[in-house]
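Engineer: Quick one: this structure, given as structure tokens, is what I'll be asking you about.
The values are calculated or read from the model by the stated rules, or taken from the named source; none is laboratory data. The shown structure was predicted, so the numbers you read here are calculated from the model rather than taken from an experiment. Note: ideal-geometry Cβ built from the backbone for every residue, glycine included; neighbour counts use all protein chains shown. The accessibility values were calculated without ligands, DNA or RNA, using every heavy atom of the protein model including side chains. Shrake-Rupley method; radii C 1.70, N 1.55, O 1.52, S 1.80 Å.
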Amino acid sequence: MNLTSRRATVALIVLVASVAAAGCDGSSSPGPDSAGCSGARTLSTRGAVLYPEVGNGGYTSVHTATHTVYDANTNRFLPGNHVDLTDRATQCLSSLSLDFERFVPGHPKDGPDMRVQAVSIDGAPASYRFAQPTYPGDPRGPDDPDPRAHETSQHDPVGGPHHNPLPPACSPELTRAPLPAAPNYRLHQQLSAYEESRNGTQCPADKLVITPRTPIPGGRRFTITVAYTGTPGVHYDADGSREGWMRESDGNWMETEPVGTEDWMPLNDYPTAKPSYDFSITTERGKTAIANGQRVSITDNAPDAQFPHGSATTLWHAPMPIASYLALTIVGDYTTRVRIVDGRRYYAFQARSTPARIRAQNVAAMAQQVGVTRSQQRITGPFPFTSDGIVAGSPSTRSGEEEMESMIVLPGNGLGLVFGEAVVHENFHQWWGDNVSDANLDMTFLKEGMATLTAQLHEANRAAQTAGGPNTTAGRAAFLGYLVHQFNSLYDLGPGFWQIAPSKRSPAAYLDYNAVYERPQAALIALRQILGPPRFDAALTAMQQRYAGSSITEPQAEAAFAAQLPDQSAACRTRLSQFFTQWFDTAYDGSKPQITGPGLQGHSFYSNDCTAPRRR
């Protein structure tokens with residue numbers, strides 16, 4: 001996700017708890033969470049403050065089929081709307097859960113308002129209820145009767161030691177008026193203080209707990225069908241922004257990072273839950289329906305009671321694993337262009353309401369996606385999907401850009417003006433964030449740092465072209481000079497830039513620009529200098545190959561970079577470990593990371609014996 005529009009909005013405003021499978025032979029008559037084999041209701045670790053409520057254990061997400069029946073004029077899901085979730089049990093399951101935010105506390109006008117009609121497992125009706133999340137690792141279980149186990153906070157413990165010694169069960173939602181504009185690093189502190197008033201309030205009951213007629217044995221593949229209707233909507237984040245299913249005059253817009261998908265469909269809402277998808281979208285005749293993957297067909301339907309003027313059903317097929325926040329469904333009035341280049345299908349959708357001047361800029365920008373993809377393949381390996389594309393929304397769309405898998409979405413406010421940042425940044429996410437996803441929500445800084453770095457590499461290439469070409473001495477000097485200048489400019493920033501550790505953020509700083517985008521970008525420039533460009537690129541390609549369709553942890557990423565160190569001595573590997581700790585895991589008050597890279601400000605990584613830093 002590119003933060004340009006999200007910052008503007010704000011300015012205006014794995015320990016998985018597993019349960020033993022013993023005794024689950026399918027013969028008992030289970031009560032709620034009985035038989036000692038209920039699935040965990042979170043995939044977060046104890047003490048997590050970034051959305052500790054999300055994710056569900058006891059099963060692996062295999063495939064999701066959405067059957068969206070959507071009235072774009074009223075922004076409502078109609079009868080027949082449902083989702084089929086095919087999963088594989090990793091233990092016996094007398095109960096399991098999904099994430100589904102039916103409504104937002106405070107009932108804001110753009111929040112969801114949905115109702116579940118029925119739940120079944122493999123066609124057999126199943127009982128269901130909604131429950132509050134409990135803090136991860138609660139020894140008393142997910143239905144702990146102590147109300148303190150279900151409280152919201154962005155700190156551990158909740159509200160500090162004088163209020164509630166337990167970890168938070170969920171992150172707060174900011175549903176009031178946005179705060180005044182402020183410098184970025186101070187804004188998160190203001191939001192943090194503002195949200196202190198929410199500490200100790202009860203978490204909403206967003207866990208859809210399902211009890212099958214008989215327990216599901218470990219290893220069995222099964223399909224949950226949830227039928228629901230109503231109005232989808234948005235989730236309010238603790239950084240002052242909103243995400244989810246956003247109402248447009250001709251349908252909807254979508255921006256769902258990190259948890260907004262549960263505001264339009266029930267699912268296992270965690271980045272490591274990566275099923276493949278099929279989308280069936282039925283809406284008014286004449287509307288364009290857009291999703292991930294490749295469009296399979298569009299079928300015209302006769303008028304009926306739900307669509308008196310007729311409807312159309314559009315099918316999309318996405319065989320690749322897709323992280324929860326990257327599943328896409330957009331309906332509206334769009335022009336469509338499809339072309340096949342390099343054996344890959346490229347889609348270009350643009351809102352018909354876009355003025356002609358901006359429409360022309362957008363067309364020119366979208367046409368360059370092929371060249372951008374080819375260039376990025378040289379850095380990080382082959383493009384991972386069989387299709388790519390861009391959706392340019394209307395100029396009135398109030399959201400940021402997002403890297404929905406195989407189909408990036410950008411507000412249609414003149415892509416040509418922000419082409420260097422927006423398209424390059426979001427397209428690189430197809431590798432980093434999409435093909436290789438975050439293993440947890442603390443890891444957002446890696447994918448965003450990668451995407452921010454590649455935008456700078458794009459600008460460095462422009463500098464090289466201007467200087468005489470990338471293969472000339474002057475061009476190579478210009479390329480390196482641009483990156484060195486970019487690093488040094490960031491490294492010279494004052495204390496506020498270094499106050500938040502990228503891997504240790506509060507909900508109010510979830511997408512803090514400095515901690516998530518700029519500081520990781522600077523770290524990766526330094527790392528590129530340490531390893532050398534060929535070895536740096538080799539590390540990226542190796543990670544894409546090893547973790548394709550899956551997710552990556554911080555230690556795994558650091559190990560992949562360490563494997564490319566030119567000097568594999570214990571001293572050099574230790575020094576690289578210190579580099580990662582300083583740049584990714586440490587918050588500073590009046591100081592900054594001391595280990596950088598050759599030719600950069602700060603203390604160089606290298607010295608004669610690779611143990612003692614020296615000034616460059």
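Engineer: For the stretch 498-506, check the following and say yes or no: at least one residue is touching a His at 6+ places or on another chain (Cβ under 8 Å), under 23 Å from Leu43 (Cβ atoms) and modelled with pLDDT under 95.
Structural biologist: Within the stretch 498-506 (the criterion being touching a His at 6+ places or on another chain (Cβ under 8 Å), under 23 Å from Leu43 (Cβ atoms) and modelled with pLDDT under 95), the answer is yes, since at least one residue qualifies.
Engineer: Please find, among Ser44, Ser5, Ser61, the residue that is modelled with pLDDT of 95 or more and not in a loop (DSSP other than H, G, I, E, B).
Structural biologist: Checking each option against the conditions leaves just Ser61.
Engineer: I want to confirm something. Restricting to the stretch 541-559 and keeping residues that are assigned to a loop (DSSP other than H, G, I, E, B) and farther than 13 Å from Thr380 by Cβ, which single residue is least open to solvent (accessible area, probe 1.4 Å)?
Structural biologist: Result: Gly549.
Engineer: Of all residues in the stretch 135-147, how many are in contact with a strand residue (DSSP E or B) (Cβ under 9 Å, 6 or more places away or on another chain) and not acidic (Asp, Glu)?
Structural biologist: 3
Engineer: Now for a different question. Condition first: closer than 20 Å to Thr60 by Cα and open to solvent by less than 10 Å² (accessible area, probe 1.4 Å). Now tell me which residues in the stretch 92-132 satisfy that.
Structural biologist: Passing the criteria: Cys92, Leu93, Ser94, Ser95, Leu96, Ser97, Leu98, Asp99, Phe100, Val119.
Engineer: Search the stretch 35-59 for residues that are within 11 Å of Tyr270 (Cβ to Cβ) and pair each with any residue that is in a loop (DSSP other than H, G, I, E, B) and of a type in the set (Asp, Glu) when their beta-carbon atoms are under 6 Å apart and the residues are at least 6 apart or on different chains.
Structural biologist: These pairs meet every condition: Val54/Asp269.
Residue-by-condition table, conditions (1) open to solvent by less than 40 Å² (accessible area, probe 1.4 Å); (2) over 22 Å from Gln294 (Cβ atoms):
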position	(1), (2)
Arg345	no, no
Gln361	no, yes
Ala367	no, no
Val370	yes, no
Gln376	yes, no
Pro382	no, no
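Engineer: Quickly run through the stretch 355-385 and pick out the residues that are more than 19 Å from Glu421 (Cβ to Cβ), at pLDDT below 95 and in a helix (DSSP H, G or I).
Structural biologist: Those that are more than 19 Å from Glu421 (Cβ to Cβ), at pLDDT below 95 and in a helix (DSSP H, G or I): Ala356, Arg357, Arg359, Ala360.
Engineer: Quick check on Ser577: is it farther than 22 Å from Trp498 by Cα, of a type outside the set (Lys, Arg) and modelled with pLDDT of 95 or more?
Structural biologist: Here the answer is no, as Ser577 does not meet what is asked.
Engineer: Give the residue that is surrounded by the most Cβ atoms within 10 Å (Cβ to Cβ), with candidates limited to residues of the stretch 63-91 that are in contact with a strand residue (DSSP E or B) (Cβ under 7 Å, 6 or more places away or on another chain) and closer than 24 Å to Gly36 by Cα.
Structural biologist: Filtering first and then ranking leaves Asp87.
Engineer: Against the condition more than 30 Å from Cys170 (Cα to Cα) and either in contact with a Gly (Cβ under 9 Å, 6 or more places away or on another chain) or β-branched (Val, Ile, Thr) (or both), how does His485 come out, does it pass?
Structural biologist: No.
Engineer: Go through the stretch 334-359 and report how many residues are of a type in the set (Gly, Ala, Ser) and over 12 Å from Ala392 (Cα atoms).
Structural biologist: 2
Engineer: Out of the stretch 339-361, which residues are more than 22 Å from Trp245 (Cβ to Cβ) and within 26 Å of the chain's Cα centre (by Cα)?
Structural biologist: Arg344, Arg345, Tyr346, Ala348
Engineer: Kindly indicate whether any position in the stretch 464-483 is at pLDDT 95 or above, in contact with a Phe, Trp or Tyr (Cβ under 9 Å, 6 or more places away or on another chain) and crowded, with 19+ Cβ neighbours inside 10 Å.
Structural biologist: Checked against the condition, which is being at pLDDT 95 or above, in contact with a Phe, Trp or Tyr (Cβ under 9 Å, 6 or more places away or on another chain) and crowded, with 19+ Cβ neighbours inside 10 Å, the stretch 464-483 yields at least one hit.
Engineer: For the stretch 499-510, indicate whether the set of residues that are surrounded by fewer than 19 Cβ atoms within 10 Å (Cβ to Cβ) and outside any loop (DSSP other than H, G, I, E, B) is non-empty.
Structural biologist: Within the stretch 499-510, none of the residues are surrounded by fewer than 19 Cβ atoms within 10 Å (Cβ to Cβ) and outside any loop (DSSP other than H, G, I, E, B).
Engineer: I'd like to check something: does the stretch 73-80 contain any residue that is part of a loop (DSSP other than H, G, I, E, B) and within 27 Å of the chain's Cα centre (by Cα)?
Structural biologist: Yes, the stretch 73-80 contains at least one residue that is part of a loop (DSSP other than H, G, I, E, B) and within 27 Å of the chain's Cα centre (by Cα).
Engineer: Pairs needed: first member in the stretch 582-611, under 18 Å from Gln568 (Cα atoms) and open to solvent by 50 Å² or more (accessible area, probe 1.4 Å); second member anywhere, at pLDDT below 95 and not in a loop (DSSP other than H, G, I, E, B); C-beta distance under 6 Å; at least 6 residues apart or different chains.
Structural biologist: Listed by first residue and then by second, the contacts come to Thr611/Ala571.
Engineer: From the set of residues in the stretch 384-417 that are under 28 Å from Val296 (Cα atoms) and more than 20 Å from the chain's Cα centre (by Cα), which is surrounded by the fewest Cβ atoms within 10 Å (Cβ to Cβ)?
Structural biologist: Restricting to residues being under 28 Å from Val296 (Cα atoms) and more than 20 Å from the chain's Cα centre (by Cα), the top hit is Thr386.
Engineer: Hey, among Thr336, Thr313, Thr299, which residue is assigned to a strand (DSSP E or B), farther than 29 Å from Leu85 by Cα, open to solvent by 20 Å² or more (accessible area, probe 1.4 Å) and modelled with pLDDT of 95 or more?
Structural biologist: Thr336
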